[in-house]
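These notes are about the structure you will find just below.
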Amino acid sequence: MFARMMGRRAAPLMAQRMQGLQGAPQETQARSVATLKTLSLRMRSIKNMQKITKAMKMVATAKFKKDQARMEGGLPFATPVMNLFQRLPTEDKAGPITYVAVTSDKGLCGGVNSQVSKQVRSGIADEESKGNACKIMVIGGKGVSGMKRLYGDRFSISFEEISKVPFSFTTASIMAERLAASKPARAKIVSNTFKSMVAYDTIAQHTLTVDEAHTMDKSEWTKAMDVYSFEPSIYEVWEDLHEFYYGCSVYAAYLQSATVETAQRMSAMENASKNAGEMYGKVELQFNRARQAKITTELCEIISGASAV
């Protein structure tokens, strides 16, 4: 009787254990299938990402040639006037200052825009530590988004979505007109200068303002300007020439910044495509290992079933 009672109690326990043993391979197999499906989807998304980055690199390459040709054609137009004003002596005086930050509207181009924002922030911190008021004139949407949170109260004017149409001297003249209308005591244009396909410099170029020209030593001013002949007289065209100088400075800075942007986007997209290829190789290795483990498990089950028969 005792043996019969133990048999009745043991039967359900044995049945549960047998069900657990039968369900374990099925659960492992289902988990393996889910892992393979996840890895397959991930591989597909990485491959699509690589296609996008390769296409963006091709677009940037075509755009770089146009921007470089525009820069090489525009700089000889703006450089002579800039060299003329650079002959005038400059002094580091105290007073309000306006920073003109030249950035782009689009990202995915390395640290091009962040370097400009960083230099502007550093300059503002240095000037405000000396007690000088600072204003910011921003060209490009990335500069606005990078400095608006901390320095939004210092913005005087901003220009966004300017890359929708080809940049011309007319656009630069409109910006220069706004700069001249604000009558800055001092001004610096912060932009990127093109050196090569892989190298560029971020500089804060001092721009001579009307106030600085008026307070300059007349003998020094005459010595610098007498080298050139003006018709009509320099005193008659000085105001117009100074506005033209503002326009040339903005125009040259933007041409170089646009060329640097496309060159760095080419490098960034090339690196992104390379990283996507490496990531795809790692995920593919995991996928092959999981598939091999699944095949091995199925073979073991088949061999075990055959040997049991």
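The values are calculated or read from the model by the stated rules, or taken from the named source; none is laboratory data. The shown structure was predicted, so the numbers you read here are calculated from the model rather than taken from an experiment. Cβ atoms come from the backbone with ideal geometry, glycine included; neighbour counts cover every protein chain shown. The accessibility values were calculated without ligands, DNA or RNA, using every heavy atom of the protein model including side chains. Shrake-Rupley method; radii C 1.70, N 1.55, O 1.52, S 1.80 Å.
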*Expressed in whole Å with the largest first, what are the equivalent ellipsoid semi-axes of the range 91-198 derived from the C-alpha gyration tensor as the square root of 5 times each eigenvalue?*
23, 17, 13
*How large is ³J(HN,Hα) for each residue in the range 43-53, as worked out from phi by the Karplus curve 6.51 cos²θ - 1.76 cosθ + 1.60 (θ = phi - 60°), to whole Hz, x for Gly and Pro?*
4, 5, 5, 5, 5, 5, 4, 5, 5, 5, 5
*Tilt relative to the chain, helix 112-129 - C-alpha long axis, 0 to 90 degrees, to 10*: 60 degrees
_Under 20 Å from the His214 label point (7 Å along Cα→beta-carbon), backbone N, the range 83-98_ = 85, 88-98
*Where q = 0.09, 0.11 Å⁻¹, what log10 of I(q)/I(0) comes from the Debye formula for the chain, counting one point per Cα?*
-0.62, -0.79
*Can you list the residues, at least 5 places off or on another chain, whose amide H is less than 5 Å from the amide H of Phe159, using H built in the peptide plane?*
Val138, Ile139, Gly140
*Under 5 Å between amide H atoms, partner at least 5 residues away or on a different chain: which partners does Ser104 have, H built in plane at 1.01 Å?*
Lys142, Gly143
*To two decimal places, what compactness ratio does the range 31-169 give when its Cα radius of gyration is scaled by 2.2 N^0.38 Å?*
1.52
*Kindly provide the GluC sites (Glu not before Pro) of the range 141-200 that DSSP labels as loop, not H, G, I, E or B, and whose Cβ sees at most 13 other Cβ atoms within 10 Å.*
Glu161
*Over the range 120-210, what is the relative contact order in whole percent, taking alpha-carbon pairs under 8 Å and six or more residues apart?*
19 percent
*Hey, what's the range 189-279 come to in accessible area per residue, 1.4 Å probe, Å²?*
48 Å²
*asked:* Please report the net charge: other residues with Cβ closer than 14 Å to the Cβ of Leu208, K and R +1, D and E -1.
replied: -3
_Quarter of the Cα convex hull surface for the range 30-84, i.e. its orientation-mean projected area (nm²)_ = 5.3 nm²
*asked:* Please return the longest range in the chain lying between exposed loop sites, taking trypsin sites (Lys or Arg not before Pro), DSSP loop only, at most 15 other beta-carbon atoms within 10 Å, and leaving the sites out.
replied: 196-309
_Computed over the range 160-307, Kirkwood Rh from alpha-carbon pairs, angstrom_ = 21.0 Å
_Value of relative contact order over the chain, rounded to a whole percent, pairs C-alpha under 8 Å and six or more apart_ = 30 percent
*With a sphere of radius 14 Å drawn around the Cβ of Lys223, what net charge do the other residues whose Cβ falls strictly inside it have (Lys, Arg +1; Asp, Glu -1)?*
-1
*What part of the accessible area of the range 132-287, given as a whole %, is carbon or sulfur when the probe is 1.4 angstrom?*
52 percent
*Roll a 1.4 Å probe over the protein heavy atoms and report the accessible area of Thr38 in Å², nearest 10.*
90 Å²
